[in-house]
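Notes to accompany the following structure.
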Amino acid sequence: MEQKTAKRAILIYTEQTPNPEAIKYVTNTMLYDGTADFKTKELAEEWSPLAEHLFKLPYVKYVYISQNFVSVTKEFNYSWDDIMLQLKEDIKKYIMDGGEIIKEGFEEYLREKEEAEGASFHYTGKDKEIVEKIKQLIDKYVKPAVEMDGGNIEFNSFEDGKVTVIMQGSCSGCPSSTVTLKSGIEGMLKRMVPEVKEVISVAG
(Lines give C-alpha, C1' and ligand atoms only; values in the text may rest on other atoms or scores of the structure.)
Protein backbone atom coordinates (compact mmCIF):
# COMPACT_ATOMS: atom_id res chain seq x y z
CA MET A 1 0.00 0.00 0.00
CA GLU A 2 1.40 3.38 -1.02
CA GLN A 3 2.04 5.79 1.82
CA LYS A 4 1.47 9.48 1.35
CA THR A 5 3.94 11.84 2.94
CA ALA A 6 2.13 14.27 5.22
CA LYS A 7 2.78 17.91 4.48
CA ARG A 8 4.48 19.72 7.32
CA ALA A 9 2.27 22.27 9.02
CA ILE A 10 3.55 25.70 8.09
CA LEU A 11 2.77 28.56 10.43
CA ILE A 12 3.10 32.17 9.31
CA TYR A 13 2.57 35.37 11.23
CA THR A 14 3.06 38.97 10.20
CA GLU A 15 5.18 41.64 11.87
CA GLN A 16 5.02 45.36 11.21
CA THR A 17 8.26 47.06 10.18
CA PRO A 18 9.35 50.70 10.51
CA ASN A 19 8.64 50.99 6.79
CA PRO A 20 4.86 51.44 6.31
CA GLU A 21 5.15 49.94 2.82
CA ALA A 22 6.81 46.70 4.05
CA ILE A 23 5.52 43.75 6.07
CA LYS A 24 7.58 40.88 7.46
CA TYR A 25 6.09 37.38 7.04
CA VAL A 26 7.70 35.06 9.59
CA THR A 27 7.49 31.26 9.25
CA ASN A 28 8.32 28.29 11.47
CA THR A 29 10.74 26.87 8.93
CA MET A 30 14.14 27.90 7.56
CA LEU A 31 13.70 29.42 4.11
CA TYR A 32 17.22 30.54 3.22
CA ASP A 33 20.39 30.62 5.31
CA GLY A 34 21.61 33.95 4.05
CA THR A 35 20.23 37.22 2.70
CA ALA A 36 18.53 37.50 -0.69
CA ASP A 37 17.31 40.88 -1.89
CA PHE A 38 15.17 41.10 -5.03
CA LYS A 39 14.37 44.60 -6.23
CA THR A 40 13.59 43.54 -9.81
CA LYS A 41 11.48 40.85 -11.47
CA GLU A 42 14.44 39.98 -13.70
CA LEU A 43 16.71 39.09 -10.77
CA ALA A 44 13.88 37.10 -9.16
CA GLU A 45 13.28 35.16 -12.38
CA GLU A 46 16.95 34.26 -12.49
CA TRP A 47 17.49 33.23 -8.86
CA SER A 48 14.34 32.87 -6.74
CA PRO A 49 11.21 30.97 -7.78
CA LEU A 50 9.46 32.23 -4.60
CA ALA A 51 10.26 35.88 -5.36
CA GLU A 52 9.32 35.34 -9.01
CA HIS A 53 5.98 33.90 -7.87
CA LEU A 54 5.33 36.93 -5.62
CA PHE A 55 6.31 39.43 -8.31
CA LYS A 56 3.41 38.14 -10.41
CA LEU A 57 1.11 39.88 -7.93
CA PRO A 58 0.49 43.47 -9.07
CA TYR A 59 1.06 44.99 -5.63
CA VAL A 60 4.49 43.46 -4.91
CA LYS A 61 7.38 45.92 -5.37
CA TYR A 62 10.36 44.28 -3.56
CA VAL A 63 10.97 40.85 -2.03
CA TYR A 64 13.63 40.14 0.60
CA ILE A 65 14.25 36.61 1.93
CA SER A 66 16.43 35.73 4.93
CA GLN A 67 16.48 32.92 7.49
CA ASN A 68 12.81 32.18 8.36
CA PHE A 69 11.11 35.26 6.95
CA VAL A 70 10.07 37.07 3.78
CA SER A 71 9.78 40.87 3.76
CA VAL A 72 7.45 42.16 1.08
CA THR A 73 7.41 45.83 0.09
CA LYS A 74 4.18 46.80 -1.64
CA GLU A 75 3.37 49.36 -4.29
CA PHE A 76 2.26 52.55 -2.52
CA ASN A 77 -1.19 52.70 -4.17
CA TYR A 78 -2.36 49.49 -2.45
CA SER A 79 -3.55 49.16 1.17
CA TRP A 80 -2.27 46.41 3.49
CA ASP A 81 -5.88 45.96 4.67
CA ASP A 82 -6.75 44.66 1.22
CA ILE A 83 -3.74 42.45 0.48
CA MET A 84 -2.00 41.35 3.72
CA LEU A 85 -4.02 38.18 4.38
CA GLN A 86 -4.09 37.16 0.72
CA LEU A 87 -0.30 37.50 0.56
CA LYS A 88 0.10 35.51 3.77
CA GLU A 89 -1.98 32.61 2.39
CA ASP A 90 -0.11 32.77 -0.90
CA ILE A 91 3.31 32.47 0.79
CA LYS A 92 2.05 29.72 3.09
CA LYS A 93 0.67 27.64 0.22
CA TYR A 94 3.85 28.06 -1.81
CA ILE A 95 6.01 26.79 1.09
CA MET A 96 3.62 23.92 1.95
CA ASP A 97 3.63 22.80 -1.68
CA GLY A 98 7.41 22.49 -1.49
CA GLY A 99 8.18 25.34 -3.88
CA GLU A 100 11.83 26.24 -4.42
CA ILE A 101 12.94 29.32 -2.49
CA ILE A 102 16.41 30.21 -3.85
CA LYS A 103 18.24 28.46 -6.70
CA GLU A 104 21.63 26.88 -6.21
CA GLY A 105 24.54 29.10 -7.17
CA PHE A 106 23.05 32.30 -5.75
CA GLU A 107 25.84 32.71 -3.17
CA GLU A 108 28.46 32.38 -5.92
CA TYR A 109 26.61 34.96 -7.99
CA LEU A 110 26.63 37.41 -5.04
CA ARG A 111 30.33 36.82 -4.43
CA GLU A 112 31.19 37.47 -8.07
CA LYS A 113 29.00 40.60 -8.10
CA GLU A 114 30.67 41.87 -4.92
CA GLU A 115 34.14 41.35 -6.38
CA ALA A 116 33.14 43.06 -9.61
CA GLU A 117 31.50 46.16 -8.11
CA GLY A 118 30.65 46.10 -4.50
CA ALA A 119 32.56 45.73 -1.35
CA SER A 120 34.09 46.93 -3.57
CA PHE A 121 37.66 47.97 -3.83
CA HIS A 122 40.61 45.80 -3.01
CA TYR A 123 41.85 47.51 0.13
CA THR A 124 45.42 47.44 1.35
CA GLY A 125 47.35 48.58 4.41
CA LYS A 126 45.57 50.88 6.84
CA ASP A 127 42.37 51.04 4.75
CA LYS A 128 42.09 47.25 4.85
CA GLU A 129 42.18 47.32 8.68
CA ILE A 130 39.56 50.10 8.77
CA VAL A 131 37.23 48.27 6.36
CA GLU A 132 37.50 45.03 8.35
CA LYS A 133 36.60 46.90 11.55
CA ILE A 134 33.64 48.66 9.86
CA LYS A 135 32.32 45.34 8.53
CA GLN A 136 32.67 43.69 11.96
CA LEU A 137 30.75 46.53 13.65
CA ILE A 138 27.96 46.42 11.06
CA ASP A 139 27.71 42.62 11.38
CA LYS A 140 27.71 42.67 15.20
CA TYR A 141 25.59 45.72 16.04
CA VAL A 142 23.61 46.82 13.00
CA LYS A 143 22.48 43.68 11.18
CA PRO A 144 20.80 41.92 14.14
CA ALA A 145 18.78 45.07 14.92
CA VAL A 146 17.59 45.77 11.37
CA GLU A 147 16.92 42.06 10.71
CA MET A 148 14.30 42.15 13.47
CA ASP A 149 12.55 44.78 11.36
CA GLY A 150 12.73 42.68 8.21
CA GLY A 151 15.68 44.45 6.63
CA ASN A 152 19.41 44.33 6.12
CA ILE A 153 22.33 46.70 5.65
CA GLU A 154 25.41 45.68 3.65
CA PHE A 155 28.78 47.43 3.59
CA ASN A 156 29.54 48.69 0.09
CA SER A 157 32.68 50.85 0.14
CA PHE A 158 35.02 53.09 2.13
CA GLU A 159 36.91 56.00 0.59
CA ASP A 160 38.20 59.32 1.95
CA GLY A 161 36.36 58.87 5.26
CA LYS A 162 33.04 58.12 3.55
CA VAL A 163 31.32 54.77 4.14
CA THR A 164 28.62 53.68 1.68
CA VAL A 165 26.10 51.00 2.59
CA ILE A 166 23.27 49.27 0.73
CA MET A 167 19.81 49.15 2.34
CA GLN A 168 17.88 45.93 1.73
CA GLY A 169 14.46 44.49 2.58
CA SER A 170 12.20 46.77 4.62
CA CYS A 171 15.10 49.22 5.10
CA SER A 172 15.03 50.09 1.42
CA GLY A 173 12.85 53.13 0.90
CA CYS A 174 11.88 53.31 4.57
CA PRO A 175 11.20 56.90 5.74
CA SER A 176 12.96 56.29 9.05
CA SER A 177 16.03 54.65 7.49
CA THR A 178 17.76 58.05 7.07
CA VAL A 179 17.44 58.65 10.81
CA THR A 180 18.71 55.12 11.54
CA LEU A 181 21.59 55.68 9.14
CA LYS A 182 22.66 59.08 10.48
CA SER A 183 21.93 58.99 14.21
CA GLY A 184 22.49 55.26 14.66
CA ILE A 185 25.03 53.79 12.27
CA GLU A 186 27.01 56.94 11.43
CA GLY A 187 27.19 57.95 15.09
CA MET A 188 28.43 54.52 16.17
CA LEU A 189 31.02 54.18 13.40
CA LYS A 190 32.39 57.68 14.03
CA ARG A 191 32.86 56.82 17.72
CA MET A 192 34.41 53.41 17.10
CA VAL A 193 36.39 54.21 13.94
CA PRO A 194 37.75 57.80 14.04
CA GLU A 195 38.62 57.66 10.32
CA VAL A 196 34.92 57.52 9.42
CA LYS A 197 33.53 60.99 8.63
CA GLU A 198 30.19 60.15 6.98
CA VAL A 199 27.87 57.22 6.18
CA ILE A 200 25.55 57.29 3.18
CA SER A 201 23.35 54.72 1.44
CA VAL A 202 23.54 53.82 -2.23
CA ALA A 203 21.18 51.78 -4.41
CA GLY A 204 21.88 48.08 -4.40
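The values are calculated or read from the model by the stated rules, or taken from the named source; none is laboratory data. Computed from a predicted structure; not experimentally measured. Methodologically, a virtual Cβ is constructed for each residue, glycine included, from the backbone with ideal geometry; neighbour enumeration extends over all protein chains shown.
Keeping to the range 97-133, report how many residues are modelled with pLDDT of 85 or more and more than 24 Å from Ile65 (Cα to Cα).
8
Working carefully through the options Ser48, Ser66, find the one that is under 12 Å from the mean Cα position of the chain (by Cα) and within 18 Å of Lys113 (Cβ to Cβ).
Ser66
Sort out which residues of the range 44-59 are in contact (Cβ under 8 Å) with a residue 24 or more places away in the chain and not in a helix (DSSP H, G or I), and write them in order of number.
Result: Ser48, Leu57, Tyr59.
Given the condition without any contact (Cβ under 8 Å) to a residue 12 or more places away in the chain and either within 19 Å of Glu154 (Cβ to Cβ) or not in a loop (DSSP other than H, G, I, E, B) (or both), answer yes or no: does some residue in the range 22-41 qualify?
There is at least one residue in the range 22-41 that is without any contact (Cβ under 8 Å) to a residue 12 or more places away in the chain and either within 19 Å of Glu154 (Cβ to Cβ) or not in a loop (DSSP other than H, G, I, E, B) (or both).
For the range 189-199, state whether one or more residues are in contact (Cβ under 8 Å) with a residue 60 or more places away in the chain, closer than 19 Å to Tyr64 by Cα and surrounded by 13 or more Cβ atoms within 10 Å (Cβ to Cβ).
no
For (1) within 17 Å of Leu87 (Cβ to Cβ); (2) modelled with pLDDT of 95 or more; (3) not charged (D, E, K, R); (4) not assigned by TED's automatic domain parsing to the domain that holds Gln86, each residue gets a yes or a no:
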residue: Met1; (1), (2), (3), (4): no, no, yes, yes
residue: Thr17; (1), (2), (3), (4): yes, no, yes, no
residue: Pro20; (1), (2), (3), (4): yes, no, yes, no
residue: Val26; (1), (2), (3), (4): yes, yes, yes, no
residue: Ala44; (1), (2), (3), (4): yes, yes, yes, no
residue: Trp47; (1), (2), (3), (4): no, yes, yes, no
residue: Leu50; (1), (2), (3), (4): yes, yes, yes, no
residue: Tyr59; (1), (2), (3), (4): yes, yes, yes, no
residue: Gln67; (1), (2), (3), (4): no, no, yes, no
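Here are some conditions: (1) over 24 Å from Val199 (Cβ atoms); (2) exposed (fewer than 13 other Cβ atoms within 10 Å of the Cβ). Lys113 meets all but one. Which one does it not meet?
Unmet condition: (1).
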